[in-house]
1. What's the FRET efficiency of residue 383 with residue 167 using the Cβ-Cβ distance as r and R₀ = 30 Å, to the nearest 0.05?
2. Tally Lys and Arg at +1 and Asp and Glu at -1 over the other residues with C-beta under 12 Å from the C-beta of residue 258: what net charge comes out?
3. Once the other residues with Cβ under 9 Å from the Cβ of residue 189 are scored (Lys, Arg +1; Asp, Glu -1), what is the net sum?
4. Taking 7 Å along the Cα-to-C-beta vector as the label spot, tell me the residue 329-residue 18 distance in nanometres, rounded to one decimal.
5. Which GluC sites (Glu not before Pro) from region 140-243 combine a DSSP loop assignment with at most 16 other Cβ atoms within 10 Å?
6. Distance check, please: which entries in 217/341; 133/243; 29/133; 336/401 exceed 29 angstrom between their Cα atoms?
7. For region 135-247, just say rounded, prolate or oblate: build the C-alpha gyration tensor, square-root its eigenvalues into a ≥ b ≥ c, call rounded for a/c under 1.5, and beyond that prolate if a/b exceeds b/c, oblate if not.
8. With a ≥ b ≥ c taken as the square roots of the eigenvalues of the C-alpha gyration tensor of region 333-372, please select rounded if a/c is under 1.5 and otherwise prolate if a/b is larger than b/c or oblate if it is not?
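Values quoted throughout were computed directly from the atomic coordinates according to the rules given, and no laboratory measurement underlies them. What you see is a predicted model, and the numbers here were worked out from it, not measured in a lab. When we count neighbours, we look across all protein chains shown, and the Cβ atoms used for this are built from the backbone with ideal geometry, even at glycine.
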Amino acid sequence: MRTPPEIIVLLDKLFQGEALSITEKEKLKNWLFSNGIISSNEETLFENAGWEKDFVDYFSLLNNNEKIDQASQQFLSKLQPRSSAATHYIFRKWAWVAASAVLVLGTAAVLFFNQRENSIASTSPQTEIAPGKEGAILTLADGSQIVLDSLGNGAITTENGIQVEVKEGKLVYRAATANVTSSTPLYHTMSTPKGRQYHLTLPDGTGVWLNASSSIKYPTTFSGPERRVEVTGEAYFEVAKMKDKPFRLNIADRAEVEVLGTHFNVNAYSNEKSIHTTLIEGSVKVKPLGNAIPPNAVVQLRPGQQAQIVNLLIEDDLNERTDQPIKVIDDADIDKVLAWKNGMFNFNNIDFGAAMRQLERWYDIDVVYENGIPEIELYGSMTKDVSLNDLLIGLDKIGVKCK
């Protein structure tokens, strides 16, 4: 018996304490009964007003950690026995209870992943690698750098009448004098290494959240007819509205986004197969850049849509360049897109390799596969404050051997 993906998602929501809609409750109830997982004499579970909690308590055996783990494994074994095909798994907050860990080497650990049937690694803990945190490096116009990881509130520097300061954990710019003029614009670059993310407010009031392994280059004042910045990696923007001064974003010289005032997310990591621009509210125009791109290849997105542009650094296919330079997804999964900004990993409907690339960036590690990428698809979510050791315990539980 294979568990439908939509049922896996509903079960995961329940075990994480999220409310289900009336339709979702009925769908789950019918599936559990029709597959014999809940018998007729247990139907009272669904008759109480708080049946969701009763349901979780029933399978967690009164919240004993050891028994929770045993019950969840028995429950999952009913739902989805192993097969030779790709297997689906649920990540849950309470899944990390085993007493095993893995050997990691140094601060830039290299992890080897191997899928094995019924092989769960259990070795002694050596080094605890913490999850990522707030932090970034600010490069000033003269090339000097400031590490922002542990700076408290206060001014950092003043250049050309613009004061740069840290305020409540984010970088902000404000005019230190009444008139700020310069014939030559000064540029700053903020970059986040692996294991860091940061929030800044640009000189025009635009809010920017940088994910790990990302960067943004911008002038210290927007004095011209447009606001132009450059970004690599992943960033979320809340662009300040300026009717007569459009905001133009260059995405790693591979795409451009034009807006007046809006909220959107850009994912443009060089090792991902495509560049994603997802619109949350407002309106944006997206166009690819490059000599092989047709001049009329531009789309205007509505809220909830996502533009995907093939990353030619990975996919060097001429058909992809000319026939469909931009693919538009009408109903993008906004929760998944913004999970990183909201302190979560969302692994719904992504392959194992894509999930590992997220972990590489957040935990500052490199992942190496000894025998190819395991054919595993993940469902569910987890918070980003889990240590690497605890995360690997969870991978052990789904049969991924790590060393």
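1. Calculated value: 0.70.
2. Every neighbour counted, the sum reads +4.
3. Result for the local shell: 0.
4. It is 1.6 nm.
5. Counting only loop positions with at most 16 other Cβ atoms within 10 Å, the GluC sites (Glu not before Pro) in region 140-243 are 168, 226.
6. With Cα atoms farther than 29 Å apart: 133/243; 29/133.
7. Oblate, since a/c reaches 1.5 and b/c is not below a/b.
8. oblate
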